[in-house]
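These notes concern the structure reproduced below.
The values are calculated or read from the model by the stated rules, or taken from the named source; none is laboratory data. Note that the coordinates shown come from a computational prediction; the quantities given were computed from them, not determined experimentally. Methodologically, a virtual Cβ is constructed for each residue, glycine included, from the backbone with ideal geometry; neighbour enumeration extends over all protein chains shown. With ligands, DNA and RNA removed, areas are computed over all heavy atoms of the protein, side chains included. Shrake-Rupley method; radii C 1.70, N 1.55, O 1.52, S 1.80 Å.
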Amino acid sequence: MSTTMHGPTAFSTNSSKKARGLCATSTERRCITNCGTTGTSAADQFTPAEWYELLFKANHMEQLITNHWQIMGEVDKIRTGA
Amino acid sequence: MKLVVDEWGARHHTDPSIDPSYLWAYFPTLRDALVSGITLDTFNRHADKIAMANAAELINNIHSSVLAAGDWFTVTPVYHVFDMYAAHQGNKSIRAIVSAPSASRSSQYPLTLSGSCSLREKRAMLTVVNPEVENATPATPSSTPRRFSLRRVII
């Protein structure tokens, strides 16, 4: 079974044999995040405000990692020493 | 247990001048390059938490590093960021604190300098992203405690 959610806070658990072998192992969790676009959605047409908006969205990765790490820590037996 | 960031990057719409068979293809700009720098610095700062992180995608797609069509081939601004940040590879991530006033003129999207640092033997690699759309931001690197003598700084 493979479940993948897209979005700014997407987080997936992949338990298929293929995925275990090629990507996410039993000690890894997968996360997909794109910081999206702004305004007209054109890569080369943006205002200064939209410049800052996209970079601000890119900064979201910091919080995404920190939050997921905190949640993963609740079940990570190695980290918790359980 | 570590985190795999399957796919990251800006996701703009397909550029109308590009054959629609190239799914989500567009021409990345300097703005997308800074997205790369901010994100790669974030990964560096959390190197203890991340097992793998993959930009989406490599060619003719989302956040691409290279564009190709027929006999034509070119690298994008995103590629140049990866080229610069390659010096972090194989290094040990060390704590970096970047302190600066808000560089963003937008109160809605507060931003400031961000960066990361890594170490290999006696050589430190420091990368910093200035999000300011127009102006340069003066920056002075320092080391505390003074493990490194910053005799030679390449910016």
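Quick notes on this one:
- Taking region B:1-81 as the region of interest, the strands (runs of 3 or more DSSP E) fully inside it that hold 2 or more residues being modelled with pLDDT under 95 and under 13 Å from the mean Cα position of the chain (by Cα) are B:50-55.
- Boolean, B:Ala10 is within 14 Å of another protein chain (Cβ to nearest Cβ) and of a type in the set (Gly, Ala, Ser): yes
- Candidate set from region B:13-40 (those that are out of contact with any His (no Cβ under 9 Å at 6 or more places or on another chain), more than 7 Å from every other protein chain (Cβ to nearest Cβ) and closer than 19 Å to B:Thr112 by Cα); member that is least open to solvent (accessible area, probe 1.4 Å): B:Gly37
Here's the yes/no breakdown for (1) loosely packed, with under 15 Cβ neighbours inside 10 Å; (2) away from chain A (no Cβ under 14 Å); (3) assigned to a strand (DSSP E or B):
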residue	(1), (2), (3)
B:Ser93	no, no, yes
B:Tyr109	no, no, no
B:Thr112	no, no, no
B:Gly115	no, no, yes
B:Ser118	no, yes, yes
B:Leu126	no, yes, yes
B:Thr137	yes, no, no
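- Segments classed as helices (runs of 4 or more DSSP H), wholly inside region A:31-82, with at least 3 members that are among the polar types (S, T, N, Q) and open to solvent by 10 Å² or more (accessible area, probe 1.4 Å): A:60-73
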